[in-house]
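Some notes on the structure that comes next.
The values are calculated or read from the model by the stated rules, or taken from the named source; none is laboratory data. Because the structure is predicted, anything quoted here is derived from the model rather than measured. Methodologically, a virtual Cβ is constructed for each residue, glycine included, from the backbone with ideal geometry; neighbour enumeration extends over all protein chains shown.
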Amino acid sequence: MAAVGVIAAAVVLTGGLAAVGSAAVIGQRLASAADAGALAAADAASGAVTGVPCDLAGEVAAEFGARIDACDLDGLIATVTVEMRVGPVVARASARAGPPP
């Protein structure tokens, strides 16, 4: 019985660690999608690349498996919020990009 208890505890612990690891990966993916989307939108707003800033941000975010939740431009500064559904939870991340103040 003790061996079964130890094995069950190891399985539960492994499952918990896998869930935490998965959440960390998704968090990094979302942060990267927000950063890249904000940079793309800021580049388009400044004229460095052609295109509509928020459309470009959406295309870049889609490459990471995320979608744009919000995209705001204040002159040359772009603020982008992306989201991704993870099971029943919707995770979000935001980033800003533009010229230095």
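Test Ser94 against the stated conditions and say whether it is modelled with pLDDT of 95 or more and either under 15 Å from Asp35 (Cβ atoms) or more than 12 Å from the chain's Cα centre (by Cα) (or both).
The answer is yes for Ser94.
Asp43: among the acidic types (Asp, Glu) and within 19 Å of Arg92 (Cβ to Cβ), yes or no? Walk me through how you get there before you give the answer.
Numbers: among the acidic types (Asp, Glu): yes; within 19 Å of Arg92 (Cβ to Cβ): no.
So Asp43 fails the test.
Just wondering, is there one or more residues in the range 45-56 that are within 24 Å of Ala23 (Cα to Cα) and at pLDDT 95 or above? Steps first, answer last, please.
Initially, the range 45-56 is screened for residues within 24 Å of Ala23 (Cα to Cα), giving none.
Looking for residues that are within 24 Å of Ala23 (Cα to Cα) and at pLDDT 95 or above, one finds none in the range 45-56, hence no.
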